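What follows is a set of notes on a single structure, which appears directly below.
The values are calculated or read from the model by the stated rules, or taken from the named source; none is laboratory data. Only a predicted model underlies this, so the values are computations on that prediction, with no experimental measurement involved. Using ideal geometry, Cβ is built from the backbone for each residue, glycine included, and neighbour counts are taken over all protein chains shown. The accessibility values were calculated without ligands, DNA or RNA, using every heavy atom of the protein model including side chains. Shrake-Rupley method; radii C 1.70, N 1.55, O 1.52, S 1.80 Å.
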Amino acid sequence: MSKVTINGNTPVTGGTPAQQYDTSEHPFELRHEVKRLNTRLDQIADSLERAQIKDIIENYSSPKKRIITNFTAGMARGLGLTVGTFVVLGLLAFILSQFVNMPIVGQYIADLLGYIEDYKK
């Protein structure tokens, strides 16, 4: 192991013999690199806060919260599908009832109902 001296302070052990860093040779570049890395770490921390990773981890680490959340989501989806189907079928029935008065479509529907009645008998 090699010893690395940082700003002439106590040597730090670590690295390979080819990696001997002396900050006195490149003080500006190292300061610039540290500043760039700190800026990047701040950006990553902000991204994690915006993504609400903490809330997601807390939600998935608690089975009780997960069950309640999934049950509520399932109920909402079921209710939404039921109401949506009701509205769409209601509109379809209304539109079809308007076409029954037309001679061509009305005759077609009457023939169709006749076929259904014959099949039932």
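Given the condition at pLDDT 85 or above and of a type outside the set (Ser, Thr, Tyr), answer yes or no: does some residue in segment 45-62 qualify? For segment 45-62, residues at pLDDT 85 or above and of a type outside the set (Ser, Thr, Tyr): present. Take the residues in segment 49-88 that are aromatic (Phe, Trp, Tyr) and out of contact with any helix residue (DSSP H, G or I) (no Cβ under 9 Å at 6 or more places or on another chain); name whichever of them is least open to solvent (accessible area, probe 1.4 Å). Top of the filtered list is PHE71. Part of a helix (DSSP H, G or I) and either surrounded by 10 or more Cβ atoms within 10 Å (Cβ to Cβ) or modelled with pLDDT under 80 (or both): is that true of ILE95 in this structure? Answer is no for this residue.
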